[in-house]
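The values are calculated or read from the model by the stated rules, or taken from the named source; none is laboratory data. Computed from a prediction, not measured in an experiment: that's the story for all the values here. Every residue, glycine among them, receives a Cβ derived from its backbone with ideal geometry; neighbour counts consider all protein chains shown.
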There are 2 protein chains.
Amino acid sequence: MQYPEPIAKLIDSYTKLPGIGLKTATRLAFHTIDMDEDDVTSFAQSLVSAKRDLRFCSICGNLTETDPCVICADVTRDQTTVLVVEEVKDLMAIENTGEYHGLYHVLHGVLSPLAGKGPDDINIESLVMRLQKNEAIAEVIVGTNANAEGEATAMYLSRLLKPAGLDVSRLATGLAVGSDIDYADEITLIKSVEGRTKL
Amino acid sequence: MQYPEPIAKLIDSYTKLPGIGLKTATRLAFHTIDMDEDDVTSFAQSLVSAKRDLRFCSICGNLTETDPCVICADVTRDQTTVLVVEEVKDLMAIENTGEYHGLYHVLHGVLSPLAGKGPDDINIESLVMRLQKNEAIAEVIVGTNANAEGEATAMYLSRLLKPAGLDVSRLATGLAVGSDIDYADEITLIKSVEGRTKL
């Protein structure tokens, strides 16, 4: 025997989400039936609206309702610096610190030969075009993740952009603030020694 | 800085689901934006439809599109036996074995004094009414979970229904088929000795 079709379809929809298997999907579907009708309606609307009303900024690749996005459209920001990140989530994390006032560029991915992702599969061409067109930009900060793929992408970007006379820098690697040295992994410790700062 | 409103609302909707925190909700929301538009639309429709088109069977409490449900409406089933379960999921699990051909009654919960759930908070009154009205029913099998609350509920039902002359039984507890004795917990082992069957 099958569940009635409406709930079977809902379970099927939930299983399409990443990390959600059949058991969890079933639990979520039954929870949905117990929810307020208003909450379910607003959930359904927000799904459709997120898909329909959002686009990627044609300049920087940020997720936005308007094109260009509010960051690219903000002339009070430092127009000379571009921070390159892998994903919109990374942009948001840096933006929420409130300490960076330059521009961004979202790659929507990272170089990953093992996953078959080369320079043409991520937003690098639009970055190069942007830097060629916009002479105000003098520094590119590479803010890819501090793992193998993020480092490889940073190296690639550095070799690509330095010959054009741009300052290319990389976010510092080292001990996380508040962390204990004896819990840090070896590579982080080595990096923190290499990148030591004068007091 | 906040995410654009459509995605912020979607993240908020996802966090209302059980077991989904802000990080997971954000991941799911970004995944939604990457999904096919058709999949998103069908997800939204299935949410609304599951809430709108499903009801609980007025006889047994099963989840259904029609009232009474297909099980209650099926006159070829054994009308003399009612299996009482906690949730629709339990009914579905037993139904999927294909070996039980009687009727069901879904309590939608279990007696739980610690959680403040008494007999009036679950579907017991409708079970009593049903048994009074329908004289064909001769046996009630209590299929609540094999934990403290399920056992307490089984005891309660047994004391409530036996005086009315009904056969009240309980699903067997013991070793799960395929399991190793040395991995079984003590209480299961004791139960399996107590409930031993003649060969």
Number of the exception - B:Ile181 against (1) among the hydrophobic types (A, V, I, L, M, F, W, C); (2) farther than 25 Å from B:Ile59 by Cβ; (3) surrounded by 11 or more Cβ atoms within 10 Å (Cβ to Cβ); (4) touching a helix residue (DSSP H, G or I) at 6+ places or on another chain (Cβ under 8 Å): (3)
Among (1) within 14 Å of chain B (Cβ to nearest Cβ); (2) surrounded by 13 or more Cβ atoms within 10 Å (Cβ to Cβ); (3) among the charged types (D, E, K, R) - the single one A:Glu99 does not satisfy: (2)
Number of the exception - B:Cys60 against (1) in contact with an Asp or Glu (Cβ under 8 Å, 6 or more places away or on another chain); (2) outside the structural domain of B:Ser126 (by TED's automatic domain parsing); (3) closer than 30 Å to B:Lys162 by Cα: (1)
Among (1) under 21 Å from B:His31 (Cβ atoms); (2) within 11 Å of chain B (Cβ to nearest Cβ); (3) in a loop (DSSP other than H, G, I, E, B); (4) without any contact (Cβ under 8 Å) to a residue 24 or more places away in the chain, the one test that A:Gly109 misses: (2)
Pick from segment A:1-48, criterion more than 27 Å from B:Gly102 (Cβ to Cβ) and of a type in the set (Ser, Thr, Tyr), ranking: farthest from the other protein chains (Cβ to nearest Cβ): A:Thr15
Sole exception among (1) surrounded by fewer than 18 Cβ atoms within 10 Å (Cβ to Cβ); (2) in the same structural domain as B:Pro163 (by TED's automatic domain parsing); (3) part of a loop (DSSP other than H, G, I, E, B); (4) in contact with a strand residue (DSSP E or B) (Cβ under 9 Å, 6 or more places away or on another chain) for B:Ala93, by number: (3)
Residue match in segment A:10-27 (condition: surrounded by fewer than 22 Cβ atoms within 10 Å (Cβ to Cβ) and touching a strand residue (DSSP E or B) at 6+ places or on another chain (Cβ under 8 Å)): no
Residues of segment A:113-150 classified as assigned to a helix (DSSP H, G or I) and either aliphatic (A, V, I, L, M) or over 20 Å from the mean Cα position of the chain (by Cα) (or both), total: 10
Filtered residues of segment B:170-188 (kept if more than 29 Å from B:Tyr104 (Cα to Cα) and assigned to a helix (DSSP H, G or I)): B:Ile181, B:Asp182, B:Tyr183, B:Glu186
Residue in segment A:74-88 that is farthest from A:Arg130 (Cα to Cα), counting only those that are free of Cβ contacts under 8 Å to residues at least 40 places away in the same chain and surrounded by fewer than 17 Cβ atoms within 10 Å (Cβ to Cβ): A:Thr76
Any hit, segment B:62-73, residues being among the small types (Gly, Ala, Ser), crowded, with 19+ Cβ neighbours inside 10 Å and at negative phi: no
Where a residue in segment B:148-165 is in the same structural domain as B:Glu86 (by TED's automatic domain parsing) and of a type outside the set (A, V, I, L, M, F, W, C) and its partner, wherever it lies, is surrounded by fewer than 17 Cβ atoms within 10 Å (Cβ to Cβ) and assigned to a helix (DSSP H, G or I), with Cβ under 7 Å and at least six apart: B:Tyr156/B:Pro119
Number of positions in segment B:74-87 that are in contact with a helix residue (DSSP H, G or I) (Cβ under 7 Å, 6 or more places away or on another chain) and either within 7 Å of chain A (Cβ to nearest Cβ) or part of a strand (DSSP E or B) (or both): 3
Test: residue in segment B:52-60 that is over 15 Å from the mean Cα position of the chain (by Cα), away from every other protein chain (no Cβ under 12 Å) and crowded, with 17+ Cβ neighbours inside 10 Å: yes
